[in-house]
1. In what order do Tyr84, Tyr99 fall by count of nearby beta-carbon atoms within 10 Å, going from fewest to most?
2. For the chain, please report how many Lys pairs fall under 21 Å Cα to Cα, leaving out neighbours fewer than 8 apart on the same chain.
3. Describe numerically, in nm with one decimal, the distance between label points set 7 Å from Cα along Cα→Cβ at Ser55 and at Met13.
4. Going through the range 32-92, which trypsin sites (Lys or Arg not before Pro) have at most 10 other Cβ atoms within 10 Å and a DSSP loop state?
5. When the dipole is taken about the Cα centre of the chain, and only Lys, Arg (+1) and Asp, Glu (-1) are charged at their Cβ, what size is it in debye, to the nearest 20?
6. Using a 7 Å offset from the Cα along the Cα-to-Cβ direction at both Leu87 and Lys110, what is the distance between the two label points in nm, to one decimal?
7. Please give the FRET efficiency for His135 paired with Glu45, using the beta carbon to beta carbon distance and R0 = 25 Å, rounded to the nearest 0.05.
Amino acid sequence: MSQRVSKPRIVMMTSCDQEQNIRRALSAGVKAFLAKRSHPQQIQEAVRRVAQGQSFLPPEIGLKLAESMSRSELTKRETQVLQYLALGRTNKEIGRALYIGEGTVKHHVKSILSKLNATGRGEAIAFAARRGLIHLEIV
């Protein structure tokens, strides 16, 4: 007689509710994603729904995901360029580090600003850090 093994039903509570963390958790199989500051009734609802085999995302988490889906995602290369921008590197330095031309870096920067709807490099860096797309190192 074979036994059927069910998948674990995971409810995640965290203080890191950045878009990137939410996406990773859901991709890994998390069925409910809650912020630590969630109301007890919301936690109870999440546990009940997940126990019934459903998923649960509070409205504020769902809104973050919906907003992110309406924006174009950065490519891997754009994310690399953005990380170097956050380190204060010039286009020339970024080009050297990534083995691409300075013109190509400029193209990536323009694309990054457009996709993040940012008016400048600083705004793009701040926005990307808040979304968890890049990690700023405080020295």
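Just so you know, all these numbers are worked out from the coordinates, no wet-lab data involved. On a predicted model such as this, the values are computed, not experimentally measured, just so you know. Reconstructed Cβ throughout: ideal geometry from the backbone, glycine too, with neighbour counts over all protein chains shown.
1. On the way: Tyr84 20, Tyr99 7.
Listing Tyr84, Tyr99 from fewest to most nearby Cβ atoms yields Tyr99, Tyr84.
2. Qualifying lysine pairs in the chain: 11.
3. That separation, rounded to one decimal, is 2.2 nm.
4. Working: sites: Lys36, Arg37, Arg48, Arg49, Lys64, Arg71, Lys76, Arg77, Arg89, Lys92; in loops: Lys36, Arg37, Arg71, Arg89.
In loop regions of the range 32-92 (DSSP not H, G, I, E or B), the sparsely surrounded trypsin sites (Lys or Arg not before Pro) are Lys36, Arg37.
5. Numbers: 23 positive and 11 negative charges, 73 e Å.
For the chain, the charge dipole is close to 360 debye.
6. According to this spin-label approximation, the distance is 2.5 nm.
7. Working: r = 32 Å, r/R0 = 1.29.
With R0 = 25 Å, the Cβ-Cβ based efficiency is 0.20.
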